[in-house]
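A short write-up of the structure that comes next.
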Amino acid sequence: MQTVLSIAIDAFAYGMALFIICIGLSLTMGLMRVVNLAHGAFAMIAGYIASYAARDLGLGYAAAIFLAIVGTVVISIPLERLLYRRIYGRPELTQVLMTIGITFCVIGITNYFFGPTLKTIPLPGSLSQPVDVGFKTIAAHRLFVMACGVVVAGGLWYLIEKTDFGIKLRATVDNAAMADALGVRTQVVYAVSFAIAIGLAALGGVVGAEFLPIEPYYALRYMVTFLVVVSVGGAGSIPGAVAACLLLGAVDTTGRYLMPEFGNFFFYAAVIAIVCVFPRGFFGRAQ
Amino acid sequence: MKVSKAILGAAIGALLTGSAMADTIKVGIIGPFSGPFALQGKNFQAGVEAYMALNGKSVKGHDIEVIYRDLPAANPAQSRALAQELVVKEKVQYLGGVYFTPDAMAITPLLKQANTPLVIFNAATSAIMTQSPLVVRTSFTTAQTTSPSGKIATERGVKKVISAVSDYGPGVDAEAAFKKAFEAAGGQVVEAIRMPLNTTDFSPIMQRVRDSGAEAVFAFLPSGPTTLGFVKAYNETGLKQAGIKFFAPGDLTQESDLPALGDGAVGLLTTFHYAVSHDSPENKKFVEAATKAVGGADQLSFPSVGAYDGMHVIYKMIEATDGKQDAQKAVDAVKGLSWTSPRGPVSIDAETRHITENIYLREVVKGPDGKTYNKEIQTFPNQKDPGLATQ
Amino acid sequence: MQVVAQAQRVPAPSSVGNRWLRDAIGLALIVAAGLAGYWLFPDNLALLTRVIAVALLVLSLDLITGYCGVASLGQASLFGAGAYAAGIACVNGVTEPLTLIVIGAVAGAAAGLLMGTIMLRAHGLAQLVLSIAIVQLFHEAANKASAYTGGSDGLAGLTVSPLFGLFEFDLWGQTAYLFGLALLVVVFVVLKFIVSSPFGMLCRGIKQDPIRIRAMGSFVFPVLLKMFVISGAVAGMGGALAAISTQVVGLDSVSFELSANALVMLVLGGLGSLYGALVGTVIFMGFEHIVSAINPFHWMTMVGALLIAVVLAAPGGLSGVLETITRSARRSKGGRP
Amino acid sequence: MSDLFRVEGLTKNFGGLAVSRNISLSMPAGERLALIGPNGAGKTTFVNLVTGQIRPSAGRVVLAGEDVTGLGAVRRVRKGLVRTFQVTRLFSELTPEEHVTLTVLQREGKARRILSRFTGHSDVAGEVEGILSTLGLLDVARRRVGEIAYGQQRLLEIGIALALRPKVLLLDEPAAGVPSSDTPRIEQALERLPPSLAVLMIEHDMDLVFRFARRVVVLAAGEIIFEGLPSEVAADDRVREAYLGNYAHARSVA
């Protein structure tokens, strides 16, 4: 029982870390119809900024997170203007080509400036201690990541379901031309959602760095995982992303506990099974 | 930038002069200069440059010119293509470098026809040496660096160990070598876990370690994010506090990863052939020169010493053949060669052409400057590769 | 030709005749380029042979992506199946190169059958994700079965006997290259027939509108599956060629990275054109080779910039540019490109 | 069993909503039947049910004495139950000639051959030319479909259907979207349809309906409310009611 609980809590923490990073990608893919393979590259940029802020500038963890999010969004704005705008509505494979190109460039440039070594983001003392939660000892930052995940999910749900902006966003997604005709400034909606997606990638990159360490190949190493998780959940769906992250996190974590030698088999077999049963993902919208 | 100049120089040299400059001997180095393992390639380059800085750029009047070729990840087809190009087009007389085993395997069938020896700076699987008599290796094998940990563990009163290795060639080698050595010393491996190579969240593994009831964990993982994740999980899940010991080959605590591992690594016991902190005049000179070449003190790690000694072997080969291309003679000349390397006394085993060297037990400790380093605390002299010795 | 002969009232010129002529010219260009490579870069034949092996992979991907509209990021599973089958056969004593190519083709086709059966259950993004999952599973399986595949150390010790008992696969790689070039030309000709056969038309129809094809009375799944098998055979031959010429098979031959590279090369060259597949492969690998030789540390940035530039400047891929030029030259003739 | 084609009690419910209610009708060989009805009457659903795109909740579809209800769309096409689409579904990169050739080859079971040639079968080419010439498409036979006029594309839709040698042909609004200057060509094509063919046409253009149909069926709210001669339609009370409820179409009926 104790073991089951431990595995469950590990799985939950891992799933939440995945969720924070992937939900931004889910938004871009579901709402803006852009297969943004460079999503991980933005998370990585954020990780580097946070690491630089915390280690070299000596700022605190919270300040580093804030700086990383702002910095990444600022970096993404010219990219959106100059590059992403050209691929909205274009065939998926063209988007793949462009975003892989962006990923390569980001990796190359990061390597040039920061070198090929691992970067860590030092945690504040309160988050780096092991915490005894009764049945096991767990690192405090894992609890922090879980909390972040819940807050992000709740916040996004509120934003999309309960606010004025959410209504405009949903209208734009359903039918951009119609929303435009109704006076919604769809360009602004797109720009804001892109910024939100990048901001979430940045947040995920920083708080998830304890699970997925920051290094120059981060963007490529986890590209597949992110894409798979989003597709399984159904692009654009928050509950879908939550379900996919938790389920795949659980499969992955449990598989690694029970039969680590077949760890990846479990993960990808689960993906195949889910996709065959739910070809549009758990909560994917009909095409 | 130096690399590009070297290549440009080589290309122009080849174009302009051809055979007229017979007194320039070319050495082709293949390594991962870009990609996820770029740091290891940088260390190759640093080792080579350090050797040439300290020992001159010519042997017996023959100028030495090094040509680098980039092979970012294990890719035998590309490896063969690069080796072929170096031999046929650039007319190198010596091949060196090679980080990954399959890449070395792809080059060995070419050597005889190319009349070129291959000096391996890293690729650490025993079997490579049996593929061609023209291969010499100046690095280590995983079995070689791992075996002493068996004895160390029993000496420290550990009877039951759980082994956790990444599920790939070197991991499997390490698992087997440790099991053999540990059981020979009277211990018991209660469980052997093989972990997916691309995992970075190891808390479920730690749960297994805890559940197994072992007194220590033996681990082998590739450097970088995986090692970081593993060591982190070891600390965070409270295994360290619970007194469960940690043994591993030194790949896990290589110097370039230590800053990222931070204080979490303090106390880890690893066995390896080289620590940057090794205390000897040879090493001081080497570290100084290599640090200059690599660009930053915290980027220097073990592949540089493999490359440094590899260049030493190549220099000796050139000396023996006096610039004539004769691979067999060159290899024969270094069989049994012994010298003092930055890592300590070493020799080339005449039988296996693999390096015989000291293996050190090191503990990660915090230095006076607050940085962690590998401190050598015990020496196992003149270790051969057990993987080859049995064959 | 007979259409033309009978339909006297059709005013359009004979595009059929043109097409044959154009294909003949195209083929001659490929052979010429191949031989030019042989004469101009006699010292880089191993690289050029690798380009040919990858070109076969990209061609095979073009069959399902360009002609059937099934995007795949897992095409290397078929390539790897061929490479490992040929490699294992070779280690176990089957050393005749042509036989090894056939073995690779059969293994690739079998893998294609399996992959098609799974992938064709889904569409769009889900399909793409299935392809990724499949290649990762193949990769894991190859790693696990290290007794047969050598795992991450690679399958070494392939000794291929001389081609026709005469030409050795040696250091200089002339045999391997010319053998590969001949294989590529043969495959290309066969594929040219296939894509312009009724079956090829049917596939292109399915790519555009599967509902229309069903209303024409044809099932979609078996047609696509058949193309998957053909694609597998082509990719498998590429894998076998790589195994023969390298004498080592590594896990990289069943990797996601290789699959993704193949897709990038295909999109770069232009989908749905066999020439595009070749152009994309040659340009990408040539660019990569040159840039990484000039500056090993920064080639990735340059390759990334190349990809971005292509999307911005030539949305239809590089062969799309050529096509636009030729089409505008032939606009008045009304022929179909 | 004199009827070539028959549907019996065809019903389809989506959730609780019945979009087709107990539709029965039959057609002998050579029939020219028009199916009309206001928007939302369930005409396209009916076509989809008949051709097998969707499965009925109840009822049967019988073709030449054989129950085809359990067969999928593809098998029904092969049995001779062929449709055209309300919005053209053509391949913009291919020529009309290629469309029809592909269809003929498919009918002959030669379309899945990978090493035979697409062109050069003299019998096929002859048949293709025959079809294109009947429809007056010969002068655009080698143009890409994307470049030819919409009216010609509609004709090509019919040509593809004819190339399948149907027994029963369902024309889903063959003149929809065609400029009025081009409708005569469509009419002409319809007149030339093989006499033995049973044709069911869905159409809004009442002129076309009156000229073409020998019998008219009116569908409203998923039910048949009228079945009879074209001349009687306008006088029927239920039809008037159904259309007047939807004013926009009332005038075209009257």
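The values are calculated or read from the model by the stated rules, or taken from the named source; none is laboratory data. The structure presented is a predicted model; accordingly, all values stated were derived computationally and were not measured. Here Cβ is always computed from backbone atoms with ideal geometry, including for glycine, and neighbour counts include all displayed protein chains.
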*Say we look at the range B:179-202 and pick out the residues that are basic (Lys, Arg) and within 23 Å of B:ARG156 (Cβ to Cβ); which of these is surrounded by the fewest Cβ atoms within 10 Å (Cβ to Cβ)?*
B:LYS180
*Checking C:GLY108 against (1) in contact with a Leu (Cβ under 8 Å, 6 or more places away or on another chain); (2) within 12 Å of another protein chain (Cβ to nearest Cβ); (3) farther than 25 Å from A:ARG221 by Cβ, which single condition isn't satisfied?*
(2)
*In the range B:107-139, the residues that are part of a loop (DSSP other than H, G, I, E, B) and in contact with a strand residue (DSSP E or B) (Cβ under 7 Å, 6 or more places away or on another chain)*: B:THR116, B:PRO117, B:PHE121, B:LEU134, B:THR138, B:SER139
*Quick one: in the range D:193-237, of everything that is among the acidic types (Asp, Glu) and part of a loop (DSSP other than H, G, I, E, B), which residue is farthest from D:PRO38 (Cα to Cα)?*
D:ASP236
*Of all helices (runs of 4 or more DSSP H) completely enclosed by the range C:188-282, which ones contain at least 2 residues that are touching a strand residue (DSSP E or B) at 6+ places or on another chain (Cβ under 9 Å)?*
C:221-246
*Could you give me the residue pairs with C-beta distances under 7 Å whose first residue belongs to the range C:275-302 and is farther than 24 Å from C:ASP23 by Cβ and free of Cβ contacts under 8 Å to residues at least 40 places away in the same chain, whose second residue is of a type in the set (Phe, Trp, Tyr) and part of a loop (DSSP other than H, G, I, E, B) wherever it lies, and which are 6+ apart or on separate chains?*
C:PRO296/B:PHE33; C:PHE297/B:PHE33
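The rows are residues; the columns are (1) within 14 Å of chain A (Cβ to nearest Cβ); (2) of a type in the set (A, V, I, L, M); (3) touching a residue at least 24 places away in the same chain (Cβ under 8 Å); (4) in contact with a Lys or Arg (Cβ under 7 Å, 6 or more places away or on another chain).
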{"position": "C:GLY93", "(1), (2), (3), (4)": "no, no, no, no"}
{"position": "C:PRO97", "(1), (2), (3), (4)": "no, no, yes, no"}
{"position": "C:GLY104", "(1), (2), (3), (4)": "no, no, yes, no"}
{"position": "C:GLY112", "(1), (2), (3), (4)": "no, no, yes, no"}
{"position": "C:MET119", "(1), (2), (3), (4)": "yes, yes, yes, no"}
{"position": "C:VAL129", "(1), (2), (3), (4)": "yes, yes, no, no"}
{"position": "C:ILE132", "(1), (2), (3), (4)": "yes, yes, yes, no"}
_Looking at A:ALA8, A:ALA50, A:ALA13 in this structure, which one is at pLDDT 90 or above and either part of a helix (DSSP H, G or I) or closer than 21 Å to A:PRO239 by Cβ (or both)?_
A:ALA50
*Take the residues in the range C:191-223 that are among the aliphatic types (A, V, I, L, M) and at the interface with another protein chain (Cβ under 7 Å from one of its Cβ atoms), then tell me which one is surrounded by the most Cβ atoms within 10 Å (Cβ to Cβ).*
C:LEU202
*Output the qualifying pairs, or none if there are none: Cβ atoms under 6 angstrom, residues six or more apart or on different chains, first residue in the range A:254-283 and within 16 Å of A:VAL232 (Cβ to Cβ) and more than 8 Å from every other protein chain (Cβ to nearest Cβ), second residue modelled with pLDDT of 80 or more and part of a loop (DSSP other than H, G, I, E, B).*
A:PHE282/A:GLY234; A:PHE283/A:GLY234; A:PHE283/A:SER237
*For C:LEU47: the one exception among (1) in contact (Cβ under 8 Å) with a residue 60 or more places away in the chain; (2) closer than 17 Å to C:SER245 by Cα; (3) outside any helix (DSSP H, G or I); (4) not β-branched (Val, Ile, Thr)*: (3)
*When you go through C:VAL267, C:VAL282, C:VAL321 one by one, which is the residue that is out of contact with any Leu (no Cβ under 9 Å at 6 or more places or on another chain), aliphatic (A, V, I, L, M) and modelled with pLDDT of 85 or more?*
C:VAL282
*Could you list, in sequence order, the residues of the range A:73-123 that are outside any helix (DSSP H, G or I) and over 19 Å from A:ALA50 (Cβ atoms)?*
A:TYR88, A:GLY89, A:ARG90, A:PRO91
*Given the conditions (1) among the β-branched types (Val, Ile, Thr); (2) within 14 Å of chain C (Cβ to nearest Cβ); (3) touching a strand residue (DSSP E or B) at 6+ places or on another chain (Cβ under 9 Å); (4) surrounded by fewer than 20 Cβ atoms within 10 Å (Cβ to Cβ), and given that D:ILE225 satisfies all but one, which numbered condition is not satisfied?*
(2)
_Take residues that are in contact with a Ser or Thr (Cβ under 7 Å, 6 or more places away or on another chain) and more than 25 Å from A:ILE75 (Cβ to Cβ) and tell me which of the helices (runs of 4 or more DSSP H) falling wholly in the range A:153-248 contain 2 or more._
A:176-181
_Subset of the range D:228-246 [small (Gly, Ala, Ser), modelled with pLDDT of 80 or more and surrounded by 12 or more Cβ atoms within 10 Å (Cβ to Cβ)]_ = D:GLY228
*List the number of the failed condition for C:GLY165; all other conditions in (1) part of a loop (DSSP other than H, G, I, E, B); (2) at negative phi; (3) more than 10 Å from every other protein chain (Cβ to nearest Cβ) hold.*
(2)
